[in-house]
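Here is the structure we will look at, set down as structure tokens.
What follows draws every value from the coordinates through simple rules; no lab data is involved. This one's a predicted model, so the numbers in the text were calculated from it and none came from an experiment. With ideal geometry, Cβ positions are generated from the backbone for all residues, glycine too; neighbour counts draw on all protein chains shown.
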């Protein structure tokens, strides 16, 4: 075992030892990345459901406002949105004295907020598409059975819509994971932050960033595999029949 | 304290860098996408799996990680090659070239799927019909396949361009003097970070809207053939 490891180290063009001894740094980065992805996504989903209903129902006054929100947040880079909060908010006396300041003062608050707002914009449009894609027959059948309003939505439309949005949702979760790296630009030690820290500490070119790349790749594969299972479970009724 | 207006030309100079970066990356990405799509429908399984590996790996790693890896790792590789061959002593990679390479490679993988999907949605009868008329190879591609490929690829191509443009903002992290980088500098100098970063946000939004409108117009023009 000992000799196999040292042989591997001799063969490798990169310094494996320095990566192995710094595993706690990457563990910390991994936990922070998971926090930066999971919490904002849950919050974003909660925001996106009502907004998607507004968009799909084309509610007067509200629909253009929500469309404006999703267009701006999907049409500009997440990095710029984050910088606007992190560097920009302090410019205003008003914000520095408001209840928002404890959130906007630190890197974590800004990262959470901007990732949440950006993901919510994308999720809104995904869910809107899915709601509009629910077959008319399902809605008409439910109406014929006497369902309407909130009950019609929660019992019929939403369960059908979120299943249909699983494939784009899988992409969106991966995009959020990949987007979360912007947190490393404002001092947060996520996976990329850990990689850059390792490089700076030992004056290395590739080791830290390669480790980060491998970890992100592994997380992407896990997300893909999880969604494949979810799709198998929840979308099997939409698969073409086996001949 | 310096005035906001004094720094505006300084920041706007960054717009040129951002647009140049976007356009150069798009050209590289389109070329890689066409090659990738061709490779994925190749007869040889080695070529197919090479293309498959390329798209899977690139799409699994965040843009910024790949960009920084190419910047710092690429510099190390360039230095090592220089040492080994003696061709150059200190060849410094500049952030613009690295950013074009990184963004081109990343979006090349998305373009691969775009063009592959577009190619697959051309009915087989089209190329069979072309062959029956005596066309083959290049002529068949130029007259029958290519026009339909472009038309089918337009919606996905538009999406790729829109996200490519936003990705260029990340190049500021490795020190490229694009609008984001310049706005940060101006914001620090004037103590008005919000003003300058907000200008950047508006510029990106403007670029998105302009591309959205322009490409939708182009898509309508290209769709003319279908309505016959």
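Details
- Distance cut-off 31 Å, percentage of C-alpha pairs in the stretch A:16-236 lying past it: 34 percent
- Net length gained if the chain between residue A:34 and residue A:187 were fully extended (0.36 nm per residue, minus Cα distance): 53.4 nm
- Angle of helix B:146-167 to the longest C-alpha principal axis of chain B, folded into 0 to 90 degrees and rounded to 10: 20°.
- Once the chain from residue A:57 to residue A:27 is taken as fully extended at 0.36 nm per residue, the excess over their C-alpha distance is 6.3 nm.
- Degrees between helix A:2-11 axis and first principal axis of chain A (Cα, 0 to 90, nearest 10): 90 degrees
- Label separation (residue B:31 vs residue A:108): 4.7 nm, computed from points 7 Å beyond Cα along the C-beta direction.
- Kirkwood hydrodynamic radius (C-alpha pairs) into Stokes-Einstein, the stretch B:49-105, 25 °C and 0.890 mPa s, D in µm²/s: 196 µm²/s
- Taking 0.36 nm per residue of sequence separation and removing the Cα-Cα distance, the residue A:175/residue A:221 pair yields an extension gain of 15.3 nm.
- For the stretch A:1-129, the alpha-carbon coordinates run over 71, 41, 21 Å along the three principal axes, in decreasing order.
- For the listed peptides B:142-155, B:121-134, A:212-225, a ranking on the average number of other beta carbons within 10 Å per residue, highest first, reads A:212-225, B:142-155, B:121-134.
- Diagonalising the gyration tensor over the Cα atoms of the stretch B:4-227 and scaling each eigenvalue by 5 before taking the square root yields semi-axes of 37, 26, 13 Å, largest first.
- Placing dummy labels 7 Å off each Cα toward the beta-carbon, the span from residue B:94 to residue A:8 is 4.2 nm.
- Measuring between their Cα centroids, the stretch B:11-27 and the stretch A:113-182 lie 36 Å from each other.
- Of the residues A:192, B:64, the one with the fewest other Cβ atoms within 10 Å heads the list, and the complete ranking is B:64, A:192.
- Residue order for A:97, A:178, fewest other beta carbons within 10 angstrom first, comes to A:97, A:178.
- Residues A:103, B:213 arranged by fewest to most Cβ contacts within 10 Å: B:213, A:103
- Helix-only arithmetic for the protein assembly as shown: the sum of -39500 (n - 2.57) across DSSP H runs with n ≥ 4, divided by the residue total, places the mean residue ellipticity at 222 nm at -24500 deg cm²/dmol.
- Between residue A:69 and residue B:150, the C-beta separation translates, for a Förster distance of 30 Å, into a calculated FRET efficiency of about 0.35.
- Per-selection metrics, the stretch B:1-65 (Cα): Rg and Dmax in Å: 19.5, 66
- With Cα atoms, 0 to 90° folded angle of helix B:193-223 axis to chain B main axis: 20 degrees
- Computed over the Cα atoms of the protein assembly as shown, the ratio of the radius of gyration to the Kirkwood radius (Rg/Rh) comes to 0.99.
- Calculated FRET efficiency, residue A:100 to residue B:202, Cβ-Cβ distance, R0 = 25 Å: about 0.65 to the nearest 0.05.
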